[in-house]
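Novice: This is the structure I have questions about; it appears just below.
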Amino acid sequence: MRKTIERFWAKVNKTEGGCWEWTGAKARGGYGTLNSAKAGGCVGAHRFSFWLHNGIIDPLLMVLHSCDNPGCVNPGHLRQGTAQDNMDDKVRAGNAAVKLTEEQVLAIRKDDRVQRVIAEDYGVSTSMVSYIKRGEYWSHLN
């Protein structure tokens with residue numbers, strides 16, 4: 001694990017008081033990635049940073065950025081939260097690409113078609129459809 005930690009730090013560009021930018025490989029969306037056999041393969045650099053500085057990560061929670069910078073690994077900018085917390089952050093930051101109505105959300109939950117087709121019809125991602133169907137987004141409508 002020591003080598004993985006050394007590789008992690010070699011790819012972090014710290015700025016004073018701001019984001020610590022990940023300079024290594026990035027996945028779609030700008031999230032840093034780090035390969036670690038001990039951590040179970042390819043992990044998000046921000047998740048690795050959170051684990052490194054805070055210990056265990058609740059497997060039911062996401063690691064969220066308060067800075068709205070997916071390439072940031074500064075532990076002061078990271079916190080654990082639910083999928084709903086993540087969506088709320090996106091809406092507050094104006095990054096939610098599509099705002100669905102409550103009627104649309106309820107219709108998506110009842111729709112038996114393939115999630116890819118539903119997503120195309122509503123102009124959202126398949127993961128968004130999945131979160132809606134599992135009640136992780138718009139949970140107040142359950």
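No value in this document is a laboratory result; all are computed from the given coordinates. In this text the structure is predicted, and so the values were computed from the model without any measurement. Heads up, the Cβs are rebuilt from the backbone with ideal geometry, glycines too, and the neighbour counts pull from every protein chain shown.
Novice: Rg (Å, one decimal) plus Dmax (Å, integer) for the alpha carbons of region 88-141?
Specialist: Final numbers for Rg and Dmax: 10.6, 32 Å.
Novice: Would you mind computing, in nm to one decimal, how far apart the modelled labels at Lys3 and Thr126 are, each placed 7 Å from Cα along Cα→Cβ?
Specialist: For Lys3 paired with Thr126, the spin-label model returns 3.5 nm.
Novice: Let me ask something else. From Cα pairs below 8 angstrom and at least 6 apart in sequence, can you work out the relative contact order of region 2-81, rounded to a whole percent?
Specialist: Worked out over region 2-81, it gives 28 percent.
Novice: Related question: Excluding Val129 itself, what net charge comes from residues whose Cβ is under 9 Å from its Cβ, given Lys and Arg +1 and Asp and Glu -1?
Specialist: +1
Novice: OK, next. How large is the Rg to Rh ratio of region 2-81 when both quantities use alpha carbon positions and Rh follows Kirkwood?
Specialist: Reported Rg/Rh (Cα atoms, Kirkwood Rh): 0.92.
Novice: Rounded to the nearest 500, what is the 222 nm mean residue ellipticity of the chain from helices alone, with -39500 (n - 2.57) per DSSP H run of 4+ residues and division by all residues?
Specialist: Here the helix-only value at 222 nm equals -11500 deg cm²/dmol.
Novice: Going by Cβ distance under 4.7 Å, what cysteines of the chain have no possible disulfide partner?
Specialist: Cys42, Cys67, each lacking another Cys Cβ under 4.7 Å.
Novice: Considering the Cα trace of the chain, what is its radius of gyration and what is Dmax, both in angstroms?
Specialist: Rg and Dmax of the chain, Cα atoms, are 17.1, 51 Å.
Novice: Calculate the FRET efficiency for Leu61 and Arg28 from the Cβ-Cβ distance with a Förster distance of 22 Å, rounded to the nearest 0.05.
Specialist: That gives a FRET efficiency of 0.55.
Novice: Residues with amide H under 5 Å of Lys26's amide H, sequence separation 5 or more or different chain, H placed in the peptide plane at 1.01 Å from N; which?
Specialist: Amide H neighbours of Lys26, under 5 Å, 5+ apart: Thr33.
Novice: How much length, in nm to one decimal, is gained on full extension between Thr15 and Val114, taken as 0.36 nm per residue of separation minus their Cα-Cα distance?
Specialist: Length gained between Thr15 and Val114: 31.2 nm.
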